[in-house]
Amino acid sequence: MRVRVSLNVHKPLQRVLKLKAPTGEKLLVTFTYERLLNICYICGVLGHLSRFCEKQFDEDFTDPGSKTPFGPWLRANHLPAARSRVQSSTSMNMGKKDWEEPPICIESQRGWDLRQLQ
């Protein structure tokens, strides 16, 4: 699922979100971001690279080495366009193309509502 969001560039990127489904099932949603330019893998803030991060100069800073909380996995691979073509084996045999619309998300005062609108 793709959503367009506005980000506060002074705060770290959100990596995961814990959700509870109406059925009671606990879900863990991981985020990836498109079109990221400079991201610090130490603090997760946009606009500078790790080698320029001011957190390195904090007294209580310990070098995380390769186990940084943020990393290249936050960058989305080239994703398909918002409208994706889905073909079943039946429709492929018949030469028909079925299109599936992505779910629509709405922004509420508390954040994004990821339920599909009907």
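Throughout, read-outs are computed from the coordinates displayed, never taken from laboratory work. None of the values given here were measured: they were computed from a predicted structure. Positions of Cβ are backbone-derived with ideal geometry, glycine not excepted, and every protein chain shown enters the neighbour counts.
In the set (1) part of a helix (DSSP H, G or I); (2) under 23 Å from residue 6 (Cβ atoms), residue 29 fails one condition alone, (1). Condition (residue is under 15 Å from residue 75 (Cα atoms) and of a type outside the set (Lys, Arg)) applied to the stretch 15-26: is it met by at least one residue? So far as the stretch 15-26 goes, yes, one or more of its residues are under 15 Å from residue 75 (Cα atoms) and of a type outside the set (Lys, Arg). Of all residues in the stretch 28-47, those satisfying the criterion of being touching a strand residue (DSSP E or B) at 6+ places or on another chain (Cβ under 9 Å) and surrounded by 11 or more Cβ atoms within 10 Å (Cβ to Cβ) are 29, 31, 32, 33, 34, 36, 38, 39, 40, 45, 46, 47.
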